[in-house]
Amino acid sequence: DQFDESTLLYRSAGGAGHGRNDLALGPDGMIYSIHGDSVDLPTEFFDATSPLSEHRQGQLTREGHVLRFDRDGQKAEVFATGLRNPFGIDFNADGELFTYDADAEFDMGSPWYRPTRIVHVVRGGDFGWRGVTGNWPPYYPDHPDNALPAMDIGKGS
């Protein structure tokens, strides 16, 4: 298929490398955009119904995230956060979103190392990845050990 025209819905800020990694049309008719930790988490829009809106609004952090837009760009939300460098978006037959998230190889051997993994991405999910100084203690409800991956792949990146 080819498009007759294109429209810019959103311009993301941040670097390249762990950047703008995929774009997909979801089974719900919404556009999903996935970004790595070198792209700024947007602060200008949060859907009032998003579970992320209360504790994340206005924060500028560097972590991978999933954005969701309607087709004309009028409705936009931060769908999920706390990823490192997610790559690829796919939906299963039930419409559930999955992605592959890379490890941080420089963290290998540390207590906060998280292996390469396949993540079942849910709306409002915070999958716990932070830069070293931003790691949360284990007693936080959304600590990485409490947001388990669908599958650990092992060392990678």
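The values are calculated or read from the model by the stated rules, or taken from the named source; none is laboratory data. Since this is a predicted model, take the numbers as computed values, not measurements. Cβ atoms come from the backbone with ideal geometry, glycine included; neighbour counts cover every protein chain shown.
Annotations
- Selection of segment 112-135 for residues being buried (at least 19 other Cβ atoms within 10 Å of the Cβ), at pLDDT 85 or above and of a type in the set (D, E, K, R) yields only Arg117.
- Looking only at residues in segment 92-101 that are under 10 Å from Val121 (Cβ atoms) and touching a residue at least 60 places away in the same chain (Cβ under 8 Å), the one that is nearest to the chain's Cα centre (by Cα) is Thr99.
- For Gly109, the stated conditions do not hold, so it cannot be described as out of contact with any strand residue (DSSP E or B) (no Cβ under 8 Å at 6 or more places or on another chain), touching a residue at least 40 places away in the same chain (Cβ under 8 Å) and either surrounded by fewer than 21 Cβ atoms within 10 Å (Cβ to Cβ) or farther than 13 Å from Asp37 by Cβ (or both).
- Within segment 110-126, the residues that satisfy the criterion of being under 18 Å from Phe91 (Cα atoms) and part of a loop (DSSP other than H, G, I, E, B) are Val122, Arg123, Gly124, Gly125.
- The sole residue among Gly29, Gly58, Gly82 that is at pLDDT 80 or above and either of a type in the set (D, E, K, R) or assigned to a loop (DSSP other than H, G, I, E, B) (or both) is Gly29.
- All conditions in (1) farther than 20 Å from Gly125 by Cα; (2) at pLDDT 75 or above hold for Leu23, with the sole exception of (1).
- Residue in segment 42-52 that is of a type in the set (Val, Ile, Thr), at pLDDT below 80 and part of a strand (DSSP E or B) present: no
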